[in-house]
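Chemist: Provided herewith is a single structure, encoded as structure tokens, for subsequent inquiry.
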Amino acid sequence: MSTFSIAVHGGAGTILRDQMTPEREQAHRRSLGAALDAGFEVLQQGGSAVNAAKASVICLENDPLFNAGRGSVFTNKGEHEMDAAIMDGKTQKAGAVAAVRNVRNPIELAWKVMESSEHVFLSGEGASEFAKLQDVPFEPDDYFFSQFRYDQWKAISHSGDYALDHSAPGGAGGDAATGDRKFGTVGAVACDSHGNLAAATSTGGMTNKLYGRIGDTPLIGCGTYAKNDTCAISCTGHGELFIRAVAAYDVSCLMEYRGCSLDEAMSIVVNKKLVALGGEGGMIGVDAAGHVAMQFNSQGMYRGSRSNHGSAIIDIYR
Ligand code: ASP
């Protein structure tokens, strides 16, 4: 039987066991498990890698624990601007949106851009208008509000700094005293029973980012990439450095031009090239044999995978 598999992430960063309560850890594990199940079910029913990756990401966008959709961080204007992208490795069609506001599921909108427009990438107001035409659901500002994210923003809003929401304990990354830390951009990669690959990534970006700032997530080849001949990749981390490294596409190039395995290629990009630039974070990937790989150069990464040959594996720490 051919292998089909799905992997998800919920962000990478300073995620330490001794700063996590058992309840919080369980909540993250439950959410990652539910996202894996949603994607796996699509694959089990013979669905496409694109639909599986989208289903997993929607699950994580709806969960306020993660920095995407409902749980998105605040910009320097005290608003939420979300980025997302999806790519089909079979056709190499892609859809992306940047700086969208009040859209319930930005990954759904990215998918609509891929499926129902002639374009690859829409941003801001034009993306919102397109969303309305496509009947994509919107939510009021309160839906995206959480006291935790607000406090995270307030802690650095006067500094002019911006931060990964999963770094800087006690500051933008969380409260060191209570260990109350909520992390991460979300993403999924999938290989379906026909050997087709897909990647999907969604984020609220970085806390106190300048409004209008766009990270690596929606940039095809930087935070998200899929090509059946090589791999599907979804990244998380300090977006500016992932953009400069063209991180996701570099993994694919190392496989295509240098004959690296998925694991080797990801390790070169995450542990050498990104480290050399000072780019904290990680990525998940899958190849056309359904083999999943996960690499990060930070303390931890919320992550999980499941294939038709085994049960779900969920991990957080190094
Ligand atoms: N990569 C995302 C960005 O820079 C942030 C993250 O992964 O948490 O927008």
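No value in this document is a laboratory result; all are computed from the given coordinates. Note that the coordinates shown come from a computational prediction; the quantities given were computed from them, not determined experimentally. Cβ: placed from backbone, ideal geometry, glycine included. Neighbour counts: every protein chain shown.
Chemist: Would you calculate, for the chain, the mean residue ellipticity at 222 nm contributed by helices, counting each DSSP H stretch of 4 or more residues as -39,500 (n - 2.57) and dividing by all residues, to the nearest 500?
Modeler: Here the helix-only value at 222 nm equals -9000 deg cm²/dmol.
Chemist: Any idea how far the Cα center of the range 64-128 sits from the one of the range 209-240, in Å?
Modeler: Between the Cα centre of the range 64-128 and that of the range 209-240, the gap is 12 Å.
Chemist: Could you tell me whether the range 1-157 comes out rounded, prolate or oblate from its Cα gyration tensor? Rule is a ≥ b ≥ c as square roots of the eigenvalues, rounded for a/c under 1.5, then prolate if a/b exceeds b/c, otherwise oblate.
Modeler: Taking the square roots of the gyration eigenvalues as a ≥ b ≥ c, the range 1-157 is oblate.
Chemist: How big is the antiparallel share of DSSP beta bridges in the chain, given as a percent to the nearest 5?
Modeler: 90 percent
Chemist: What number of lysine-lysine pairs in the chain show an alpha-carbon separation below 12 angstrom, given a sequence spacing of 8 or more or placement on distinct chains?
Modeler: Qualifying lysine pairs in the chain: 7.
Chemist: Taking Cα pairs under 8 Å and at least six residues apart, what relative contact order does the chain come out at, in percent?
Modeler: Relative contact order here is 26 percent.
Chemist: Treat every Asp and Glu Cβ in the chain as -1 and every Lys and Arg Cβ as +1, leave all other atoms uncharged, and give the resulting dipole magnitude about the Cα centre to the nearest 20 debye.
Modeler: Dipole of the chain, to the nearest 20 debye: 380 debye.
Chemist: Rounded to the nearest 20 Debye, what is the dipole magnitude of the range 240-296 about its Cα centre when Lys and Arg each give +1 and Asp and Glu each give -1 at the C-beta?
Modeler: Using Cβ point charges on Lys, Arg, Asp and Glu, the range 240-296 gives about 140 debye.
Chemist: Could you order peptides 302-314, 73-85, 115-127 by the average number of other Cβ atoms within 10 Å of their residues, highest first?
Modeler: The packing order, highest mean first, is 73-85, 302-314, 115-127.
Chemist: Using a Förster radius of 30 Å, what is the FRET efficiency between Glu79 and Glu25 based on their Cβ-Cβ separation? Nearest 0.05, please.
Modeler: Step by step, r from the Cβ atoms, then E = 0.45.
Chemist: Starting from the Cα of Glu41, step 7 Å along the direction of its Cβ; do the same at His291; then give the gap between the two resulting points in nm.
Modeler: 3.1 nm
Chemist: Now a separate question. Given a cut-off of under 8 Å on Cα pairs at least six residues apart, what relative contact order in percent is computed for the range 228-275?
Modeler: 40 percent
Chemist: Please label the shape of the chain as rounded, prolate or oblate, based on the square roots a ≥ b ≥ c of the eigenvalues of the alpha-carbon gyration tensor (a/c under 1.5 means rounded; beyond that, a/b larger than b/c means prolate, else oblate).
Modeler: It is rounded, given that a/c, with a ≥ b ≥ c, falls under 1.5.
Chemist: Follow-up. Charges on Cβ only, +1 for Lys and Arg, -1 for Asp and Glu, centred on the Cα centroid of the chain; of Gln26, Gly205, Phe145, which one is farthest towards the dipole's positive end?
Modeler: The residue sitting farthest along the positive end of the dipole is Gln26.
Chemist: Would you please give the FRET efficiency between Tyr317 and Tyr143, computed as 1/(1 + (r/R0)^6) with r the Cβ-Cβ distance and R0 = 25 Å, to the nearest 0.05?
Modeler: Result of the calculation: an efficiency of 0.20.
Chemist: Under the Karplus relation 6.51 cos²θ - 1.76 cosθ + 1.60, θ = phi - 60°, what is the ordered set of whole-Hz ³J(HN,Hα) values for the range 244-261, x standing for Gly and Pro?
Modeler: For the range 244-261, the Karplus-derived couplings read 5, 7, 6, 4, 5, 5, 4, 4, 4, 5, 4, 6, 6, 9, 10, x, 5, 6 Hz, x marking Gly and Pro.
Chemist: Still on this structure, please answer the following. Quick check: pseudo-label points 7 Å beyond the Cα along Cα→Cβ at Ala34 and Glu256, how many nm apart are they?
Modeler: 3.8 nm
Chemist: Under unit Cβ charges (Lys, Arg +1; Asp, Glu -1), what dipole magnitude, rounded to 20 debye, does the range 4-71 have relative to its Cα centre?
Modeler: 60 debye
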